[in-house]
Amino acid sequence: MSATTDHAPGRSGDVTSAGTPVVQIRGLVKDFPVGGLFSRATFRALGGVDLDVRRGEILALVGESGSGKSTIARCVARLEQPTSGTLRVDGVDVLRTEPRRASRAYRAKVQMVFQDPFGSLNPAHRVEHFLTRALRLHRRTASAVALRSRLAELMDTVDLDRALLDAYPHELSGGQRQRVAIARALAVEPEVILADEPTSMLDVSVRIGILNLMRRLRDERGISLLYITHDLAAARYVADRTTVMFAGEVVEAGESTALMADPAHPYTQLLLSAVPDPQRAGTFDPAERAALRAQVLGATTCPYAADGRCRDDSPVHHAVAPGWTVRCHLYRPQTEVARRALDVAGTSNA
Amino acid sequence: MSVTESTSASLGAAPGAGSRPAPNAHLDLASDATPPAGPSGGPLPRRGFVRSLLRNRKATVGVGILALFAALLLLAPLLAPSDPTLITDAGSQPPSAEHLLGTTAKGQDVLALTIWGARSSLAVGFLVGLAATLVGVTVGLAAAYFGKVTDDVLSLVTNVFLLLPGLPLLVVLAAFLPPGTGTVIVVLVVTGWAGAARVLRSLALSIRAKDFVAAATVTGEGAGWVMFRELLPNMASIVMSTFLGTVIFGIGSQAGLEFLGLGDVSVVSWGTNLYWASNDGALMVGAWWAFLPSGLCIALVAFALSLLNYAVDEVTNPRLRVPRRRRAGVHAPGGGTVVSAAAGTATSRASANGHGATPVLEVRDLTVEYRGENRTVVGADRVSFTIGEGEVFGLAGESGCGKSTVAHAIMRLLRAPAVITGGSVRFCGRDVLAMPDDQLRSFRWRDVAMVFQSAMSSLNPVMTIGDQIVDVYTTHERVSRREALRRAADLLELVKIDRSRLRAYPHQLSGGMRQRVVIAMAVALRPRLLIMDEPTTALDVVVQQEIMAQIADLRRELGFAVLFITHDMSLMIELSDRMAVMYGGRFVESAPAATILAEPRHPYTRALMNAFPPLTGPRTELRGLAEGVRFTDIGDLVEVAGGHWVAPHDEPHDAPRDQEVPA
């Protein structure tokens, strides 16, 4: 895992700066208060996360709900205040320079697309309103004429009919709404877009369209995306690298296809084995697989076995390959366990 | 409405074939199969709000009464030109031609007093309403938006004002401040804003939690903008009803204060009219006319405002308007036989290939319509399939395609405006659509059970798991509580939950466990068919897989058939024996699951299959269905191979635009 802290200059699209992180997270901790008014109890949603989003890449953050992946996005979007840790955007330690609330300049760099397109667009406003506000707030347009053409351009970018500028959110389908949300983020001309499960509430037939749009934004505009999802197949499809989270910790990170072909962490293996895949249909009876899984997990004392070892003695990151790390007590290069798990995932060990 | 009634009447007379919809009826993907419904909570529907308000009878009556009073108020100098406070000799006269409403003890004309009194009373009422609502909105929004300390302080102040006994506070304040209409207004605003603030705070809090507020913040909007331009418009209906409520409070309290002599008694208002009437002993001498007009006016205005308030509620929350119709949803009593007699069509034969001689479920040409006020939407269009004993039949499709409509129709759970207009549903040979209510009750849990997508939240939060399962047994079977409890424990163990959890409440279980409890309850009476409508959509993949394994186990043990509904093709292909893909209320393809996997024929099926990128192999560019692509005029299924039925199709009308080369 590269720990470079270069003050990356210039905006995206700069070929030489590709590979340096635009967002760099170190030791991010977030505690949420639990219990009543006088309770001091807290729940640790993030337990010291390290994460880099490189320039012009799509980084997938996968894990179950409650694993803390959305909390990371909300911390980077400055919707939540982290308990501790550092967050650098373009090399600037933003929690230090703007500790209370994010500046507009920061908002211009970091935008977010939310999970629920039915909730993220105010039903009281028209599509045009969302885009115009974003353009105006960040002074991205000079004149009314420029505004009109910029609006049209934004709608074209996200493949929406310009006529929909006059529509209210309730008149749009889920996919169309999510495209509006993406257009609103694009209006600001950000360097990073945090996409929090942008497809999980959409009809399946339009999901691929949104994923393709994300790829296009990366390829054509050099925008970096932090793509949060529980869908490993989608992560593999769209993301250059994938980071797997479990219980507020990063347990494995690496290049997407390599990681999913040969997962090193038992939890990643478990996640992969649970994904329904028509290509595997018939080869796996669900009950059989559950039995196999229990066998694998019973043998490996993974997080689900909850013997407390990981709690008492935090595992360290092992390097599996360059740019690929796993955080597990049990990781041994090419162990019996890993091979059996691969069988479970139904993937071939190339 | 009249359209709906007349059509359903004709249907009742001639059910069956004649009532079939046009074959090219279809839904578009964007619109849901459920009838168009307005927002259920705060935000006002943007279009036609005023129009629908004026169409509401309560609102018309309310507005009418208020308009009458407004006219009274404006035309007072014309209607009662004489000075209402003028004291004459003609005291305590009952109504007569000269004094239509009689005179007070001092000889003042009661009609004139009442008319002129409207000015002060209504002015004070509306001013109080305006000011109290304004304060309440500001405090509520600020508390909800800023949260933390601001919320604590503002909520504390609000609650203190709410707890202070209103009337004594009014009396004390009114007694200390110099008398006058201004004082009355100030006093009423001070005592009246807190209720508004509390209601609006809790509403604002719930809206504050919505993503669009976070989205606006991320875009860079400031506090003021978010509060007044993002939150407030979504609270319009509640703000309006709060305003109407505080106006009523203002008018009533002003009258009360003045009746007690705490206002300025020299002002003419309905309250002072009552005060003077009481002071002059009008009631004791039987001079009812001195009291009645002012009292009636107060009651009338309050009544009108309340009506308006109700109307706002009804217009913004259409659920309050849905007429309760008994046995809505079934419109073909006996019609099933007619249709199934003619069930030799090509569509019907598509389903004739289930295994087993006597199918558990046999659906023929099932047609369901949603009848809106202006248009009728076909939710399911001549749907036919069978499910054999112990078979898993999958129904795939996206939101609005009609798959849930089919499930609800089979269970006869459809409610108005959904109406079954044709076809038949047979369960083990029995006509489900013709079942009387008592048979239906036992059919619904004993023969066919259903697990909904939101089933996890269908558990009663204040009852233990054990009590809820026991309830199932005791309502459907003659068993003792002890026996029911024993069976409940066995049932939990069947779904691999420890029997000690019988005493647990739903919130003490994880989402996956709750879903397993729901499934356990569904199979408690050993049904022969289990309908599962997106049973794992809200769950994580690992939990989803456990649930699916659980169902496979249960099926092995209990041998029930499954109708499995989902949008997740991968999951469906893994689990189902045979499946059908549904679009716009129609089946577009039906085949064994392995066949669909190997050679999907219909472009829509292929789009659904493509929606799930593979976990292995090279990463290639996939294309989903482009935004706005529609399939229309879906024809009847044609058998292209043994057991593989496909609707005739062209390529989509608007092919997805070319995108970049594969990554």
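The values are calculated or read from the model by the stated rules, or taken from the named source; none is laboratory data. Just so it is clear, the structure is predicted and the values come from calculations on it, not from any experiment. Cβ sites come from the backbone with ideal geometry, for glycine too, and all protein chains shown count toward neighbours. All accessible areas refer to the heavy atoms of the entire protein, side chains included, with ligands and DNA or RNA removed. Shrake-Rupley method; radii C 1.70, N 1.55, O 1.52, S 1.80 Å.
Inter-chain Cβ neighbour count for A:226-238, averaged per residue, equals 3 (cutoff 10 Å, partner chain atoms only). Name the aspartates and glutamates eligible as straight-distance cross-link partners of B:Lys106: C-alpha to C-alpha under 17 Å, and not fewer than 8 places from it in the same chain. The reachable aspartates and glutamates, counting only those whose Cα sits under 17 Å from B:Lys106, are B:Asp83, B:Asp89, B:Glu98, B:Asp280.
The GluC sites (Glu not before Pro) found in segment A:186-275 include none that occupy coil by DSSP while having at most 11 further C-beta atoms within 10 Å. Share of carbon and sulfur in the accessible area of segment A:18-261 stands at 50%, probe radius 1.4 Å. Under a 5 Å amide H cut-off, with hydrogens placed 1.01 Å from N, A:Val251 pairs with A:Val244, A:Met245, A:Phe246 among residues at least 5 apart or on other chains. Electrostatic tally near B:Ser269: other residues with Cβ closer than 14 Å to its Cβ, Lys and Arg +1, Asp and Glu -1, net -1.
Apply the a/c threshold of 1.5 to the C-alpha gyration tensor of segment A:235-277 and tell me whether it is rounded, prolate or oblate. Oblate, because a/c is 1.5 or more while a/b does not exceed b/c. Rounded to the nearest 0.05, what FRET efficiency do A:His170 and A:Arg139 give with R0 = 35 Å and r taken as the Cβ-Cβ distance? Could you check? The computed FRET efficiency comes out at 0.70. Backbone geometry of segment B:261-269 corresponds, through the Karplus equation with coefficients 6.51, -1.76 and 1.60 at θ = phi - 60°, to 3J(HN,Hα) couplings of x, 9, x, 8, 6, 8, 7, 8, 8 Hz, x marking Gly and Pro. Couplings 3J(HN,Hα) for segment B:279-284, derived from phi with the Karplus relation 6.51 cos²θ - 1.76 cosθ + 1.60 (θ = phi - 60°), are 4, 7, x, 4, 5, 5 Hz, where x marks Gly and Pro. Between chain B and chain A, roughly 6200 Å² of accessible surface gets buried, counting both sides and using a 1.4 Å probe. Taking the DSSP bridge list for segment A:18-261 and keeping only pairs wholly inside it, about 55 percent are antiparallel. Counting other Cβ atoms within 10 Å of each Cβ, which trypsin sites (Lys or Arg not before Pro) in segment B:44-115 have at most 11 and sit in a DSSP loop? Taking segment B:44-115 and a limit of 11 other Cβ atoms within 10 Å, the loop trypsin sites (Lys or Arg not before Pro) found are B:Arg47.
Counting alpha carbon pairs within less than 8 Å and at least 6 residues apart, what relative contact order, in whole percent, applies to segment A:18-261? After rounding, I find 29 percent. With a 10 Å cut-off around each Cβ of A:196-207, the average count of Cβ atoms from other chains is 6. The packing ranking of peptides B:584-594, B:560-570, highest mean first, is B:584-594, B:560-570, where packing means the average number of other beta carbon atoms within 10 angstrom of each residue. Using a 1.4 angstrom probe on protein heavy atoms only, which residues from segment B:196-211 are buried by at least 30 Å² of accessible area when all chains are present rather than their own chain alone? Buried by the other chains: B:Asp211.
Near the amide H of A:Arg54, within less than 5 Å, lie the amide hydrogens of A:Val22, all on another chain or at least 5 residues away, with H placed in the peptide plane. Other residues with beta-carbon under 10 Å from the beta-carbon of B:Glu534 carry, at +1 per Lys or Arg and -1 per Asp or Glu, a net charge of -1. Averaged over residues, the count of other Cβ atoms within 10 Å places the peptides A:94-106, B:388-400, B:368-380 in the sequence B:388-400, B:368-380, A:94-106, highest first. Can you send over the carbon and sulfur percentage of the accessible area for segment B:55-169, probe radius 1.4 Å, protein chains only? Using a 1.4 Å probe with all protein chains present, segment B:55-169 comes out at 74 percent carbon and sulfur. In this simple spin-label model, placing a label point 7 Å from the Cα along the Cα-to-Cβ direction at both A:Ala105 and B:Ser206 gives a separation of 4.2 nm.
Taking amide H as placed 1.01 Å from N in the peptide plane, B:Thr421 has its amide H under 5 Å from the amide H of B:Thr367, B:Val368, B:Glu369, each at least 5 places away in sequence or on another chain. Give the lysines reachable from B:Lys210 as a straight Cα distance under 20 Å; neighbours fewer than 8 places away on the same chain don't count. Partners found: A:Lys69, B:Lys148.
Taking every residue in B:90-100 and counting other chain Cβ atoms within 10 Å of its Cβ, the average works out to 0. Among the trypsin sites (Lys or Arg not before Pro) in segment B:394-498, which ones are in a DSSP loop with at most 16 other Cβ atoms within 10 Å of the Cβ? Mind listing them? Counting only loop positions with at most 16 other Cβ atoms within 10 Å, the trypsin sites (Lys or Arg not before Pro) in segment B:394-498 are B:Arg415, B:Arg478, B:Lys496.
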